[in-house]
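Here's the structure, in structure tokens; my notes come after.
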Amino acid sequence: MRLRRLTLGRCALAIVLPIAAVGQPPDIPESGRAVPRKVVFSQRGEAMVDIAKVCPGIVVEMRYATDRNAAHAVIYPLRARALVRKSVAKRLRQVQSELNKVGLGLKIWDAYRPAWAQDALWKAVPDPEHLVDPARGGSYHTWGIAVDVTLVDLQGREQRMPSDFDDFTPAAKAEYAGTDGGVAARLRVLRTAMFNAGFAAIHDEWWHFSAQDAYLFAPVDMALEDNGN
């Protein structure tokens, strides 16, 4: 297999990846909307798990538990957990392991998003280009199979990427159009690691990834806080 070597800006960190893997991952249209198709739901009952508990080393910063998001308001409870399906957590561990080999890691900005939270977000920012109207099926976040992520170093410090979270400008596009070679390389590394682990990307948000086998799942209804359970 032919290999391609990537270099992350001034740090001169060479990353060797298969050329086939470096190609752009397949996209899910319209911000991760549940695409109509013949649904099997073979994994609709799969357990949800707390990323912080089952994915050692992955940093969690739930942006909707703060006002640093598109709504400019707190939507989640303060102690909101980053929840995903068990098989999705397994994929995130694979990504973390791959990134660690090149001195990087994941930070989670969002994971499971209850239907009530999707509704609140839509009411605050009714932007059909970047958000999904709950009346039209909702987001894969509500299925527990989507995450919003960025890169950190091994000390947990965020790395420079194309934009901040929930930046609904052209800078947030998955296809980086800037001139910063380090940003371009880091974005390619993130997308490649996520694709290799079984995630798909979307056009408008470089940070958003959903399970490639999304059609096997279904919406989830559970609390974001632990509540002693």
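The values are calculated or read from the model by the stated rules, or taken from the named source; none is laboratory data. Just so it is clear, the model here is predicted, and its values are computed rather than measured. Glycine gets a Cβ as well: all are built from the backbone with ideal geometry, and neighbour counts include every protein chain shown. These accessible areas exclude ligands, DNA and RNA; they are computed on the full protein's heavy atoms, side chains included. Shrake-Rupley method; radii C 1.70, N 1.55, O 1.52, S 1.80 Å.
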**Request:** May I ask you to compute the full-extension gain from Ala47 to Thr66, defined as 0.36 nm times their residue separation minus their alpha-carbon distance, rounded to one decimal in nm?
**Result:** 4.2 nm
**Message:** Can you give the local net charge around Arg91? Use residues other than it whose beta-carbon is closer than 13 angstrom to its beta-carbon, Lys and Arg +1, Asp and Glu -1.
**Reply:** +1
**Item:** Carbon plus sulfur fraction of accessible area for the stretch 81-229, probe 1.4 Å, in percent
**Value:** 49 percent
**At 1.002 mPa s and 20 °C, Stokes D of the stretch 55-164 from Kirkwood alpha-carbon radius, µm² per second** = 146 µm²/s
**Request:** Compute the signed sum of charges (Lys and Arg +1, Asp and Glu -1) over the other residues within less than 10 Å, Cβ to Cβ, of Asp180.
**Result:** +2
**Per-bin percent of Cα-Cα distances, the stretch 77-229 [10 Å]** = 11, 39, 37, 13, 1
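May I ask for the percentage of alpha-carbon pairs in the stretch 74-117 that lie more than 11 Å from each other?
Working: 678 of 946 pairs.
Percent of Cα pairs beyond 11 Å in the stretch 74-117: 72.
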